[in-house]
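> This is the structure I want to talk about, given as structure tokens.
Values in this text are rule-based calculations from the coordinates and carry no lab data. Quick caveat: nothing in here was measured; it's all calculated off a predicted structure. Glycine gets a Cβ as well: all are built from the backbone with ideal geometry, and neighbour counts include every protein chain shown.
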Amino acid sequence: MGIIRNQSIRSSIITYIGFAIGALNAYLFSTYVPPEIYGLTRIFFSTSMIFYAFASFGTATLLNKFYPYYRDYLPIKRRDLFGIVLIVSMTGFLLVTAGTIVFHDLIERKYQLAPLFLQYFYLIYPFSFFLLLFTLFENFSYNHYKSVFPIFLKEVLLRALTSILIVVLVFQLFTTVQFIWAFAFLYAVLFFALLLYLKSQDTLYFSFKTSSVTRRLANKMMTFNLWIFGGSIFNAVQQNIDAMLITSTKGLSYTAVLEFNTYVSNVIQVPQRSVVAIAVPVLAKAWKDRDMHAIQRIYKRSSMTMLIFSLLIFMMIWLNLESAYKILGLNPLYWEGRYIILFYGVSRIIELGAGVNGQIIGTSNMWRFDFVSNLILIALSVPLTYLFIKHLGITGPGISQLITIFLFTLIRYSFLARMYQLQPFTMKTLYVVLLALLGWVVAYYLIVPENHYLRVILRTAWFMAVFLGPIIFFEWSQDVTETWHKGLAIVRKYLRK
């Protein structure tokens with residue numbers, strides 16, 4: 001957990017900087033850019049993530065699962081697993097591209113309400129291609145315990161480049177067509193930057209010649225990948241089905257509403273992103289070494305840490321949401337999707353509070369269950385999302401997400417508890433949740449000054465004091481306590497200068 005904590009702190013700082021830039025982008029998009037263009041950028045991401053899931057054949061997970069064996073038994077220049085991953089993924093990309101061409105008429109019929117998406121559909125190909133390459137090399141970097149720079153590229157540079165494009169568009173230095181073309185090649189910049197970084201770190205080595213490790217593990221890897229491939233598709237569809245259905249049934253303007261409010265709720269996931277990126281190779285090694293104590297320790301501490309941070313972020317967002325809308329003077333269209341933040345936010349808390357359960361299953365010998373649980377998730381998610389969108393409109397995806405994530409998390413929790421006697425919760429978990437609810441209720445109903453700036457300041461200060469004070473005082477989370485003391489040490493050192 002020491003490796004995880006040290007890199008996670010740096011990664012979290014980078015990720016929060018990225019989210020701050022992303023928040024600026026969301027504001028600029030929602031204020032100065034037509035909703036259809038904003039919605040188009042979201043549907044580009046959603047379509048490309050599904051594209052990636054099919055094209056990669058689940059090989060990123062294969063890499064995370066089996067790379068420790070290559071790292072232990074082969075010199076760096078003879079490790080061929082990543083070479084296999086690249087060959088499979090490039091073949092998959094060609095097949096998926098051919099599939100979209102064959103079914104182009106069907107795509108046109110389904111997205112008649114989003115003509116801009118159909119007009120620029122061909123730019124999905126370069127966007128998806130470089131997203132695929134970047135994601136594969138990102139996982140390659142993680143498996144060399146170099147997570148900070150790729151996280152910087154994905155969380156900060158991508159959003160900074162997007163900010164530049166928005167400003168250029170707003171000041172009419174680019175036409176809409178030029179903006180969309182430039183946006184489609186953002187991942188190309190990230191990919192080449194990561195490539196240069198890996199080269200500079202002397203880790204850009206892999207082989208296309210079959211090794212003895214591959215021959216020994218070939219059957220296991222093929223069986224693993226057949227299961228994981230289905231699971232990765234189900235996961236991608238589940239995460240992006242809301243945008244796809246909203247675009248198809250209501251058009252790109254409401255895709256923008258979904259994207260804006262989803263982005264706000266996604267701030268809650270920042271602790272998960274950095275912890276998961278670093279925990280995966282550590283968990284894979286722990287399974288390889290059969291170190292169940294290490295797995296339980298990571299499971300328990302990740303649960304408490306991510307629960308605390310997710311509750312802190314969500315409660316402050318929901319406390320100050322109305323004031324933030326009024327202060328920023330946002331388009332009333334985006335206020336229609338405010339309950340997306342509520343339902344998505346609660347589902348994020350449930351997911352993060354359960355710790356790295358998905359990563360524990362995915363790196364274990366029971367990884368087939370990852371496929372089964374994802375199958376259950378998609379079986380629930382797609383019809384529920386369609387049903388709720390049809391009857392409840394833009395709020396529908398949020399309700400669907402809450403129901404499916406709760407059931408999905410419960411299934412995975414029960415599986416780990418029964419199969420491995422692993423579970424992350426203690427009485428401290430309950431205390432943290434009750435403390436968050438108490439702090440929110442008091443702040444929301446008792447602190448209501450008319451000035452919205454003052455309201456945000458007072459509510460935020462009260463909630464942070466009531467929520468974080470007891471957690472740090474009673475040391476309910478080792479990671480939070482250590483982070484607090486490190487922060488104090490930095491402040492004291494600065495004040496002494």
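> With an 8 Å cut-off on Cα pairs and a minimum separation of 6 or more residues, tell me the relative contact order of the range 427-497 in percent.
Result for the range 427-497 is 28 percent.
> Please compute the length gained on full extension between Ile107 and Leu387, using 0.36 nm multiplied by the number of residues separating them and subtracting their Cα-Cα distance.
Between Ile107 and Leu387, full extension yields 98.7 nm more.
> For Trp335 and His452, what is the calculated FRET efficiency with R₀ set at 25 Å and r taken between the beta-carbons, to the nearest 0.05?
0.95
> With a ≥ b ≥ c the root eigenvalues of the C-alpha gyration tensor of the range 348-497, is it rounded (a/c under 1.5), prolate (a/b larger than b/c) or oblate?
Because a/c hits 1.5 or more and a/b fails to exceed b/c, the range 348-497 counts as oblate.
> Might you report the magnitude of the Cβ-based charge dipole of the range 210-323 about its Cα centre, with Lys and Arg at +1 and Asp and Glu at -1, to the nearest 20 debye?
Roughly 760 debye, rounded to the nearest 20.
> Here's another thing I want to ask about it. If the cut-off is 12 Å between C-alpha atoms, which aspartates and glutamates fall inside it for Lys390, apart from same-chain ones fewer than 8 positions away?
Asp242
> So if I take the centroid of the Cα atoms in the range 431-489 and the same for the range 44-91, what is the distance between those two points in Å?
About 42 Å separates the Cα centre of the range 431-489 from the one of the range 44-91.
> Something else: When you count, for each residue, the other Cβ atoms within 10 Å and take the mean per peptide, how do 319-328, 431-440, 398-407 rank with the highest first?
Per-residue Cβ counts within 10 Å, averaged per peptide and sorted highest first, yield 398-407, 431-440, 319-328.
> If each residue's Cβ is checked for other Cβ atoms within 10 Å, how do Leu28, Leu153, Leu375 rank with the fewest at the top?
The order, fewest Cβ neighbours first, is Leu375, Leu28, Leu153.
> State the label only: which of (i) 46; (ii) 42; (iii) 76 corresponds to percent of Cα pairs over 31 Å apart computed from the shown model?
(i)
> Same structure again: Within the chain, which whole H helices from DSSP have a Cα span along their axis of at least 24 Å and a mean Kyte-Doolittle hydropathy of -0.5 or more, if any?
2-32, 35-56, 81-102, 124-142, 212-250, 270-288, 292-328, 368-392, 396-420, 427-446, 452-473
> A further question on this structure: Once a ≥ b ≥ c are taken as the square roots of the eigenvalues of the Cα gyration tensor of the range 1-148, is the result rounded (a/c under 1.5), prolate (a/b larger than b/c) or oblate (a/b not larger than b/c)?
oblate
> Taking 8 Å as the Cα distance limit and 6 or more residues as the minimum spacing, I'd like the relative contact order of the chain as a percentage.
21 percent
> First check a/c for the range 427-497, with a ≥ b ≥ c the square roots of the eigenvalues of its C-alpha gyration tensor; if it is under 1.5, answer rounded, and if not, answer prolate when a/b is larger than b/c or oblate otherwise.
Verdict is oblate for the range 427-497.
> If the only charges are +1 at each Lys and Arg Cβ and -1 at each Asp and Glu Cβ, what is the size of the charge dipole of the range 427-497 around the Cα centre, to the nearest 20 debye?
For the range 427-497, the charge dipole is close to 400 debye.
> Which order do the peptides 83-89, 469-475, 247-253 take when ranked by the mean count of other beta-carbon atoms within 10 Å per residue, highest first?
Taking the mean over residues of other Cβ atoms within 10 Å, the ranking is 247-253, 83-89, 469-475.
> Ranking Tyr299, Tyr413 by Cβ neighbours within 10 Å, fewest first, what do you get?
Ordered from fewest to most neighbouring Cβ atoms within 10 Å, Tyr299, Tyr413 come out as Tyr413, Tyr299.
> Right, something else. What does the net charge come to around Leu328 if you take all other residues with beta carbon closer than 15 Å to its beta carbon, with K and R at +1 and D and E at -1?
Surrounding charge for Leu328 is +2.
> Continuing with the same structure: Could you give the size of the charge dipole of the chain about its Cα centre, using +1 on the Cβ of each K and R and -1 on the Cβ of each D and E, expressed in debye and rounded to the nearest 20?
The calculated dipole for the chain is roughly 1480 debye.
> Here's another thing I want to ask about it. Using a 10 Å cut-off around each Cβ, can you sort Asp479, Asp202, Asp242 from fewest to most neighbouring Cβ atoms?
With the sparsest Cβ surroundings first, the list reads Asp202, Asp479, Asp242.
> Which one of Ile151, Asn320, Ile278 has its Cα pushed farthest toward the positive end of the charge dipole of the range 2-425, where Lys and Arg give +1 and Asp and Glu give -1 at the Cβ?
Ile278
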